[in-house]
Amino acid sequence: MPNSKRPIERVFIALSDPTRRAVVQKLSERSAAVSQLAQPFDMALPSFTQHLGVLEDAGLIVSQRQGRSRVCTLNPMALKAAE
């Protein structure tokens, strides 16, 4: 059923969580590796990567492999749509 949501609804659902908002805030400064993004949060890495998955599904971030790391980058166009 989550796939039936319109893209703008997925953006607002993703931004409704404080952890995900903090990630978006951090990525607004610069791109970062998943391990760097997860560091300030008191949760297991698999739980944190679920948050990243929600952000990515909403189109707010994109991630790609760089060597042994996965680097996340903010997609400002998704935020522009929510604005």
Residue under question is residue 62, and the condition is that it be at pLDDT 95 or above, in a strand (DSSP E or B) and either of a type in the set (A, V, I, L, M, F, W, C) or exposed (fewer than 14 other Cβ atoms within 10 Å of the Cβ) (or both); does it hold? yes
- Message: Quick check on region 1-18. Is at least one of its residues surrounded by fewer than 17 Cβ atoms within 10 Å (Cβ to Cβ), among the polar types (S, T, N, Q) and part of a helix (DSSP H, G or I)?
- Response: yes
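Which is on the phi < 0 side of the Ramachandran plot and either touching a His at 6+ places or on another chain (Cβ under 7 Å) or surrounded by 13 or more Cβ atoms within 10 Å (Cβ to Cβ) (or both), of 80, 26? Give the derivation first.
Values: 80 fails: either touching a His at 6+ places or on another chain (Cβ under 7 Å) or surrounded by 13 or more Cβ atoms within 10 Å (Cβ to Cβ) (or both).
Going through 80, 26 in turn, just one is on the phi < 0 side of the Ramachandran plot and either touching a His at 6+ places or on another chain (Cβ under 7 Å) or surrounded by 13 or more Cβ atoms within 10 Å (Cβ to Cβ) (or both): 26.
Name the single residue that is farthest from the chain's Cα centre (by Cα) among those in region 19-47 being of a type outside the set (A, V, I, L, M) and not in a helix (DSSP H, G or I). Lay out the reasoning, then the answer.
Here is the first cut: in region 19-47, the residues of a type outside the set (A, V, I, L, M) are 19-21, 25-26, 28-31, 35-36, 39-42, 46-47.
Then keep just the ones that are not in a helix (DSSP H, G or I); that gives 30-31, 39-42.
Values: 30: 13, 31: 11, 39: 15, 40: 15, 41: 14, 42: 17 Å.
Here the answer is 42.
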Cβ pairs under 7 Å, 6+ apart or interchain, first in region 63-83 and closer than 15 Å to residue 36 by Cα, second assigned to a strand (DSSP E or B) and of a type in the set (S, T, N, Q), ordered by first then second residue, are 70/63; 71/63; 71/64; 72/63
Every listed condition ((1) under 14 Å from residue 12 (Cα atoms); (2) in contact with a Pro (Cβ under 9 Å, 6 or more places away or on another chain)) holds for residue 26 save (1)
Here the residues within region 41-59 that are free of Cβ contacts under 8 Å to residues at least 40 places away in the same chain and either on the phi > 0 side of the Ramachandran plot or surrounded by 10 or more Cβ atoms within 10 Å (Cβ to Cβ) (or both) are 41, 43, 44, 45, 47, 48, 49, 50, 51, 52, 53, 56
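Where residues in region 65-77 are closer than 21 Å to residue 12 by Cβ and not hydroxyl-bearing (Ser, Thr, Tyr), which of them is surrounded by the most Cβ atoms within 10 Å (Cβ to Cβ)?
72
The values are calculated or read from the model by the stated rules, or taken from the named source; none is laboratory data. Source: prediction; values computed, not measured. Don't worry about glycine lacking a Cβ; one is built from the backbone with ideal geometry, like all the others, and counts go over all protein chains shown.
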